[in-house]
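Student: I'd like to ask some things about the structure below.
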Amino acid sequence: MHGFGRHRVLVGATTLIGEGTVRGRLLNLGRYPGLVEGAGRVRGELYRIDDAQLLPAVDREEGYNFVRRRAAVTLTDGRRARAWIYSYRGPRERAVLIPAGDWRSRWR
């Protein structure tokens, strides 16, 4: 998301479509969040990829504990889209659920 460390990978090769939500739960893994299956909604940003070479770079940036998959996104204006998202598949011993599903609100 804009304002966070990994956003730098998207700059210059994507166009922001808007904010939206996907089905799932969000975990606080310490320095970063992880989306996992479950009831609830997780808030994020939807980007259009303008450079086809970007997707493998994002895969590398996300790392081996994340898997890219397709999901339905509901934008804040009600439109729906199919998009790539990254689901967390790593260890969860120290993970803390973020009930609001919003990484920005994790300290509230």
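The values are calculated or read from the model by the stated rules, or taken from the named source; none is laboratory data. On a predicted model such as this, the values are computed, not experimentally measured, just so you know. Here the Cβ positions follow ideal geometry from the backbone for every residue, glycine too, while neighbour counts run over all protein chains shown. All accessible areas refer to the heavy atoms of the entire protein, side chains included, with ligands and DNA or RNA removed. Shrake-Rupley method; radii C 1.70, N 1.55, O 1.52, S 1.80 Å.
Student: When Ala52 is evaluated against the numbered criteria (1) in contact (Cβ under 8 Å) with a residue 60 or more places away in the chain; (2) farther than 17 Å from Arg106 by Cα, which criterion, by number, is the only one it fails?
Tutor: Against the list (1) in contact (Cβ under 8 Å) with a residue 60 or more places away in the chain; (2) farther than 17 Å from Arg106 by Cα, Ala52 comes up short only on (1).
Student: Report yes if Arg23 is surrounded by 15 or more Cβ atoms within 10 Å (Cβ to Cβ), of a type in the set (D, E, K, R) and within 14 Å of the chain's Cα centre (by Cα), otherwise no.
Tutor: Taking the combined requirement at face value, the residue satisfies it.
Student: Between a first residue in segment 90-103 that is touching a residue at least 40 places away in the same chain (Cβ under 8 Å) and a second residue that is open to solvent by 80 Å² or more (accessible area, probe 1.4 Å), which pairs have beta carbons less than 6 Å apart while being 6 or more apart in sequence or on different chains?
Tutor: Every condition considered, the pairs that remain are Gly101/Arg41; Gly101/Arg43; Asp102/Arg43.
Student: Might you check whether a residue that is in a helix (DSSP H, G or I), acidic (Asp, Glu) and under 22 Å from Val9 (Cα atoms) occurs anywhere in segment 61-77? Quick ask: steps written out before the conclusion?
Tutor: So the first thing to find is which residues in segment 61-77 are in a helix (DSSP H, G or I), and the list is 61-62.
Imposing the further condition that a residue be acidic (Asp, Glu) reduces the set to 61-62.
Still in the list and also under 22 Å from Val9 (Cα atoms): 61-62.
Looking through segment 61-77, at least one residue is in a helix (DSSP H, G or I), acidic (Asp, Glu) and under 22 Å from Val9 (Cα atoms).
Student: Among the listed residues Glu45, Glu62, which satisfies the condition of being surrounded by 12 or more Cβ atoms within 10 Å (Cβ to Cβ), in contact with a Phe, Trp or Tyr (Cβ under 9 Å, 6 or more places away or on another chain) and of a type in the set (Asp, Glu)? Lay out the reasoning, then the answer.
Tutor: Details: Glu45 fails: in contact with a Phe, Trp or Tyr (Cβ under 9 Å, 6 or more places away or on another chain).
The match here is Glu62.
Student: When you look at Gly38, is it assigned to a strand (DSSP E or B), more than 14 Å from the chain's Cα centre (by Cα) and surrounded by 12 or more Cβ atoms within 10 Å (Cβ to Cβ), yes or no? Can you show your working first?
Tutor: On the way: assigned to a strand (DSSP E or B): yes; more than 14 Å from the chain's Cα centre (by Cα): yes; surrounded by 12 or more Cβ atoms within 10 Å (Cβ to Cβ): yes.
Yes.
Student: Moving on. Can you tell me which residues in segment 55-108 are of a type in the set (Asp, Glu) and more than 14 Å from Leu35 (Cβ to Cβ)? Break it down into steps so the answer makes sense when it comes.
Tutor: Going residue by residue through segment 55-108, those that are of a type in the set (Asp, Glu) are 59, 61-62, 77, 93, 102.
Residues satisfying the conditions are Asp59, Glu61, Asp77, Glu93.
Student: Restrict the check to segment 50-59 and report whether at least one residue is surrounded by fewer than 17 Cβ atoms within 10 Å (Cβ to Cβ) and closer than 14 Å to Ile17 by Cβ.
Tutor: yes
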